[in-house]
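Taking it in order: structure first as C-alpha cells, then the write-up.
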Amino acid sequence: MSFAFDRATYRIPYPPQARPRFYLDGAELEVVDCSESGLRFVAPNGKPLPEPDARLAGQVRLLSKPERLSVEGQVLRCYGNEVAMLLDKPGIPLQAIFGEQRYLARRFPARYR
C-alpha cells in the first residue's frame with residue numbers, strides 16, 4: 001500500500017509557548033515551523049516584509065540544540081506577519097529535525113499521542 005504526502009519533507013509545527021529562534025539582521029524572530037528544506041518565521045515588528053524571491057541568510061537556534069545553524073534561502077511567500085522561505089541545501093539536517101520532534105514529544109506529550 002502506498003501513501004500520498006502533501007510535502008516532500010516532514011514539517012515540525014511549534015506551539016507559541018515553545019518556538020526556536022531565527023536570527024536575521026540583528027533581530028531575534030520566532031520560528032513557527034521548520035523542515036529540512038523550509039522555515040516559516042514571524043517577521044519583525046515595524047519592518048517591511050521581504051519580497052517574494054528575496055534572498056535571506058541567518059541562523060536558527062533549535063530547541064533541542066544549543067548551537068546555531070546557519071541557513072540561507074529564498075522567500076517563497078509572506079502572509080500576515082509570517083514569512084515562508086525555501087532553504088538552500090544543506091538546510092536543516094534531518095537529525096536535527098528528529099531531535100526537535102523528540103524534544104517536543106517529551107515537553108508536550110499530549111500533543112504527540
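Residue count for the stretch 5-25, restricted to those that are surrounded by fewer than 16 Cβ atoms within 10 Å (Cβ to Cβ) and either under 11 Å from VAL60 (Cα atoms) or aliphatic (A, V, I, L, M) (or both): 3.
Here the condition is being among the hydrophobic types (A, V, I, L, M, F, W, C), on the phi < 0 side of the Ramachandran plot, assigned to a strand (DSSP E or B) and surrounded by fewer than 12 Cβ atoms within 10 Å (Cβ to Cβ); of ALA84, ALA110, ALA57, it holds for ALA57 alone.
Yes or no, residue by residue, for (1) part of a helix (DSSP H, G or I); (2) among the basic types (Lys, Arg); (3) over 14 Å from the mean Cα position of the chain (by Cα):
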residue	(1), (2), (3)
ASN45	no, no, yes
ASP53	no, no, yes
LEU76	no, no, no
GLN95	yes, no, yes
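On the stretch given as the stretch 94-109, residues that are free of Cβ contacts under 8 Å to residues at least 40 places away in the same chain and out of contact with any Phe, Trp or Tyr (no Cβ under 7 Å at 6 or more places or on another chain) total 7.
Among the candidates GLU28, GLU36, GLU72, GLU100, the residue that is in a loop (DSSP other than H, G, I, E, B) and either exposed (fewer than 14 other Cβ atoms within 10 Å of the Cβ) or not hydrophobic (A, V, I, L, M, F, W, C) (or both) is uniquely GLU36.
Values quoted throughout were computed directly from the atomic coordinates according to the rules given, and no laboratory measurement underlies them. Only a predicted model underlies this, so the values are computations on that prediction, with no experimental measurement involved. FYI the Cβ positions are ideal-geometry reconstructions off the backbone, even for glycines, and counts take in every protein chain you see.
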